[in-house]
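Participant: First the structure, then my questions, so here it is.
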Amino acid sequence: MRKKVIAANWKMCKTPDQVQPFFREFLPLVASHDRDEIAICPPFLDIPAALEAGKDSNVAIGAQNMHWEKEGAYTGEICGSMLLAIGVTHVIIGHSERRQYFGETDDVVNLKLKVALELGLIPIVCVGEVLEEREAGLTEDVLRRQCLRAFHAISGKKARKMVVAYEPVWAIGTGKTATPQMAADAHVLIRAEAAKSFGEEFAEQLRILYGGSVKPENAKALMAESEIDGALVGGASLDPKSFAAIVRY
Ligand code: 13P
């Protein structure tokens, strides 16, 4: 049995003063919920407030990005050891918005993944096709390429903590959700790629999340799919009631 991860990606939303009120409302709604792993990934500047508000709770705090070097002259960047030093446990890597708007390539994703694993962070590696690729029948090729390049030169032993998120770009923030079957098909393919890179046993325990317009109304059907090991939630995670409803699907 793979324990599901329900993770929030707040993207570039909420100021630090909005963090505590969110947790004050959210934590009682998920108190003693241990069926799933819960993680919230706020913007960097909100992380200290989230760590404080989530202290001694069942909610882990993640970041949405990190640099691939351990330190150095990279103006404006944040590295994994800084995250680790303040108590962050999870980090999203290769989100499609980073790929789309900030030029993040498969090779950069691979570099970041290696460092996150080396530091002992739990990386949530995002893959997913854009609409044109799906319509051109290229979904499988794209997912294969993204996985192969992200997993390059990493051993199964090192990758043990890795989580993958399948986020079809056409479903992000659009209100369009992949059907549970579409998501499951993609997850089977990602799992097969993980098996090629890391072995069958590794692939069997790998958690693959679905992301793209997950809402309280569709969470149950998605989570019922045995291939779907959790959710990465954007818009619907900004409201404590709605994110709690997803956690408790
Ligand atoms: P939405 O849930 O807003 O579609 O965003 C999904 C996502 O990108 C999570 O990382």
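Participant: In the stretch 67-108, how many residues are part of a loop (DSSP other than H, G, I, E, B) and closer than 19 Å to Cys147 by Cα?
Facilitator: The qualifying residues number 6.
Participant: Report the residue count in the stretch 199-209 for those that are more than 16 Å from the ligand (Cβ to nearest atom) and open to solvent by less than 10 Å² (accessible area, probe 1.4 Å). Quick ask: steps written out before the conclusion?
Facilitator: Residues of the stretch 199-209 that are more than 16 Å from the ligand (Cβ to nearest atom), as a first pass: 199-206.
Imposing the further condition that a residue be open to solvent by less than 10 Å² (accessible area, probe 1.4 Å) reduces the set to 203, 206.
Counting residues in the stretch 199-209 that are more than 16 Å from the ligand (Cβ to nearest atom) and open to solvent by less than 10 Å² (accessible area, probe 1.4 Å) gives 2.
Participant: Limited to the stretch 126-167, what total is found for residues that are more than 23 Å from Thr89 (Cβ to Cβ), in contact (Cβ under 8 Å) with a residue 40 or more places away in the chain, charged (D, E, K, R) and not in a loop (DSSP other than H, G, I, E, B)?
Facilitator: Residues flagged as more than 23 Å from Thr89 (Cβ to Cβ), in contact (Cβ under 8 Å) with a residue 40 or more places away in the chain, charged (D, E, K, R) and not in a loop (DSSP other than H, G, I, E, B) within the stretch 126-167 amount to 3.
Participant: Next question. Determine which member of the set Leu121, Leu83, Leu148, Leu113 is under 11 Å from Asn65 (Cα atoms), in contact with a Ser or Thr (Cβ under 9 Å, 6 or more places away or on another chain) and of a type in the set (A, V, I, L, M, F, W, C).
Facilitator: On the way: Leu121 fails: under 11 Å from Asn65 (Cα atoms); Leu148 fails: under 11 Å from Asn65 (Cα atoms); Leu113 fails: in contact with a Ser or Thr (Cβ under 9 Å, 6 or more places away or on another chain).
Only one candidate qualifies: Leu83.
Participant: Here's something else I'd like to know. What residue, among those in the stretch 110-135 that are under 23 Å from Gly175 (Cβ atoms) and more than 16 Å from the ligand (Cβ to nearest atom), is most open to solvent (accessible area, probe 1.4 Å)?
Facilitator: Pass one, the stretch 110-135, residues under 23 Å from Gly175 (Cβ atoms): 124, 126-135.
Applying the additional criterion that residues be more than 16 Å from the ligand (Cβ to nearest atom) yields 132-133, 135.
Details: Glu132: 124, Glu133: 48, Glu135: 141 Å².
Among those that are under 23 Å from Gly175 (Cβ atoms) and more than 16 Å from the ligand (Cβ to nearest atom), it is Glu135.
Participant: Quick one: how many residues across the stretch 228-241 are crowded, with 18+ Cβ neighbours inside 10 Å and farther than 13 Å from Asn9 by Cβ?
Facilitator: Looking only at that region, the number is 3.
Participant: Look through the stretch 4-34, keep the residues that are surrounded by 12 or more Cβ atoms within 10 Å (Cβ to Cβ) and among the basic types (Lys, Arg), and return whichever of them is farthest from the ligand (Cβ to nearest atom).
Facilitator: The qualifying residue farthest from the ligand (Cβ to nearest atom) is Lys4.
Participant: Something else: Do the conditions hold for Leu113, that is, is it more than 17 Å from Ala165 (Cα to Cα), free of Cβ contacts under 8 Å to residues at least 60 places away in the same chain and in contact with a helix residue (DSSP H, G or I) (Cβ under 8 Å, 6 or more places away or on another chain)?
Facilitator: Answer is no for this residue.
Participant: Determine which member of the set Cys41, Cys79 is in contact with a strand residue (DSSP E or B) (Cβ under 8 Å, 6 or more places away or on another chain), modelled with pLDDT of 95 or more and over 23 Å from Lys3 (Cβ atoms).
Facilitator: Cys79
Participant: Restricting to the stretch 171-191, give me the number of residues that are under 14 Å from Glu129 (Cβ atoms) and under 17 Å from the mean Cα position of the chain (by Cα).
Facilitator: Qualifying residue count, the stretch 171-191: 7.
Participant: Looking at Ala245 and the list (1) open to solvent by 10 Å² or more (accessible area, probe 1.4 Å); (2) within 16 Å of the ligand (Cβ to nearest atom); (3) at positive phi, which single condition is not satisfied?
Facilitator: Of everything listed in (1) open to solvent by 10 Å² or more (accessible area, probe 1.4 Å); (2) within 16 Å of the ligand (Cβ to nearest atom); (3) at positive phi, Ala245 misses just condition (3).
Participant: I'd like the full set of residues that are within 13 Å of the ligand (Cβ to nearest atom), within 13 Å of the chain's Cα centre (by Cα) and not in a strand (DSSP E or B), limited to the stretch 215-236.
Facilitator: Start the filter on the stretch 215-236 by keeping residues that are within 13 Å of the ligand (Cβ to nearest atom), which leaves 215-219, 222, 230-236.
Narrowing the set further to residues that are within 13 Å of the chain's Cα centre (by Cα) leaves 230-234.
Scanning the stretch 215-236 gives a single hit, Gly234.
Participant: Also: Kindly provide the set of residues from the stretch 147-198 that are under 15 Å from Cys126 (Cα atoms), among the acidic types (Asp, Glu) and either open to solvent by 50 Å² or more (accessible area, probe 1.4 Å) or within 11 Å of the ligand (Cβ to nearest atom) (or both), ordered by number.
Facilitator: The one that is under 15 Å from Cys126 (Cα atoms), among the acidic types (Asp, Glu) and either open to solvent by 50 Å² or more (accessible area, probe 1.4 Å) or within 11 Å of the ligand (Cβ to nearest atom) (or both): Glu167.
Participant: Which of the numbered conditions does Gly212 fail, given that it passes all the others? Conditions: (1) of a type outside the set (A, V, I, L, M); (2) open to solvent by less than 10 Å² (accessible area, probe 1.4 Å); (3) touching a strand residue (DSSP E or B) at 6+ places or on another chain (Cβ under 6 Å).
Facilitator: Exception for Gly212: condition (3).
The values are calculated or read from the model by the stated rules, or taken from the named source; none is laboratory data. Small disclaimer: the values here were computed from a predicted structure and weren't measured. As a convention, Cβ positions derive from the backbone with ideal geometry for all residues, glycine included, and neighbour counts pool all protein chains shown. Side chains included, ligands, DNA and RNA excluded: accessible areas come from the protein's heavy atoms. Shrake-Rupley method; radii C 1.70, N 1.55, O 1.52, S 1.80 Å.
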